[in-house]
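The values are calculated or read from the model by the stated rules, or taken from the named source; none is laboratory data. Please read these numbers as outputs of a predicted model, since none were measured by experiment. All Cβ positions, even for glycine, are placed from backbone atoms using ideal geometry, and neighbour counts span all protein chains on display.
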Amino acid sequence: MHNNLIILAGGASSRMKKEANNPNLSQKDIEQANNKSKGLIGVGEEGLPFLHYLLNNAKKAGYTNIFIIIGENDTHFQEVYGSGIKGNEFHGLSISFARQYIPIGRAKPFGTADAVFQTLEQFPELQSQTFTVCNSDNLYSVEALSLLKNTTSTNALLGYDRDTLEYPEERIARFALIKMDDANYMVDIIEKPTIEEVPKYKDKNGKLRVSMNIFKFSGTMFYPYLKNCPVHPERNEKELPTALLNMIQDHAQSTKIIPIAEHVIDLTSKQDIENVREYLKENYPKLIW
């Protein structure tokens, strides 16, 4: 068991900033989407930020130490969750901020592995501790967060049943598939599998498993792979799956796949705002801390 949750919120949010032909979006929605990180967009009751709901679920799952990775020039998160760099009190949570600095010569952040690496550099105690990592624009359930908090596996990844994800079929088809052995240890991540290849990656129960970017890591084991993560040849970023696969090559059966079957609400683009707002209204009508 561990108490540390790292939330990735330092990305460029380029898809959210794209134009959207949606007459139901207010001018305020558009301004927030264009100027704030996705997790701070007011989609909840009385305009509460999306991230409030993830933090609420994290608290219910038993996390106490939250590390939010923000952009190097961001000021909005500290206006909401505390002005200090470390140990801001928020509804019983301790919230700290790591900044993802952009290397000279780049216009955008260097990816998710770089974000977590910079967090472990700024909070070196995490290099020898265990932590969960997740996105700020997905609302993971209390159960999902609890599974990673309470597992005894050194490292772990939630493997979502692809059939339970309520996204358009063409979007789901682009999700990378998780390959695991018969003991549910991760073996590989398959990006862009062909239709013919897909059946080969069913688990022993006949399910296709995908990652929704929520992991548990041992800082002691994972830190060197974050530090030495190569750049993805197509996306030109240092990505968590790349670092994870490199770790698995050196440490076989070090990362357990924990099966889960539920939808994960997502706030990626302006087109998602209305759906997320309706989802929260139905499933979280009153946020109770």
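Of note:
- Elements of type strands (runs of 3 or more DSSP E) contained in region 1-104, each with 2 or more residues being under 16 Å from the mean Cα position of the chain (by Cα) and either crowded, with 19+ Cβ neighbours inside 10 Å or at pLDDT 90 or above (or both): 4-8, 65-71, 93-100
- Elements of type helices (runs of 4 or more DSSP H) in region 111-213, at least 1 residues being closer than 23 Å to Lys86 by Cβ and in contact (Cβ under 8 Å) with a residue 12 or more places away in the chain: 112-122, 142-150
- Counting only residues that are crowded, with 16+ Cβ neighbours inside 10 Å and not in a loop (DSSP other than H, G, I, E, B), region 214-258 holds 23 of them.
- Residues within region 231-252 that are free of Cβ contacts under 8 Å to residues at least 24 places away in the same chain and out of contact with any helix residue (DSSP H, G or I) (no Cβ under 9 Å at 6 or more places or on another chain), tallied: 4
- Test: residue in region 264-272 that is at pLDDT below 95, out of contact with any strand residue (DSSP E or B) (no Cβ under 8 Å at 6 or more places or on another chain), acidic (Asp, Glu) and surrounded by 14 or more Cβ atoms within 10 Å (Cβ to Cβ): no
- Of all the residues in region 259-274, those that are outside any loop (DSSP other than H, G, I, E, B) and within 19 Å of the chain's Cα centre (by Cα) number 7.
- A Cβ distance below 6 Å, combined with a sequence gap of six or more or placement on separate chains, defines the contacts here; from region 263-289, residues that are over 20 Å from Asn24 (Cβ atoms) reach residues that are modelled with pLDDT under 95 in the pairs His263/Glu166.
- Criterion (touching a strand residue (DSSP E or B) at 6+ places or on another chain (Cβ under 9 Å), β-branched (Val, Ile, Thr), at pLDDT 95 or above and farther than 14 Å from Ile7 by Cβ) met by exactly one of Thr154, Thr119, Thr112: Thr154
- The residue that is farthest from Asn155 (Cα to Cα), counting only those in region 208-225 that are of a type in the set (A, V, I, L, M) and over 16 Å from the mean Cα position of the chain (by Cα), is Leu208.
- Filter result (farther than 17 Å from Ile265 by Cα, of a type outside the set (Ser, Thr, Tyr) and over 13 Å from the mean Cα position of the chain (by Cα)) within region 114-144: Asp114, Phe117, Gln118, Leu120, Glu121, Gln122, Phe123, Pro124, Glu125, Leu126, Gln127, Gln129
- Failed item in (1) out of contact with any Lys or Arg (no Cβ under 7 Å at 6 or more places or on another chain); (2) more than 22 Å from Val264 (Cα to Cα); (3) in contact (Cβ under 8 Å) with a residue 60 or more places away in the chain, with Gly92 passing the rest: (1)
- You will find that of Ile214, Ile178, Ile258, the residue that is touching a helix residue (DSSP H, G or I) at 6+ places or on another chain (Cβ under 6 Å), among the aliphatic types (A, V, I, L, M) and at pLDDT 95 or above is Ile258 and no other.
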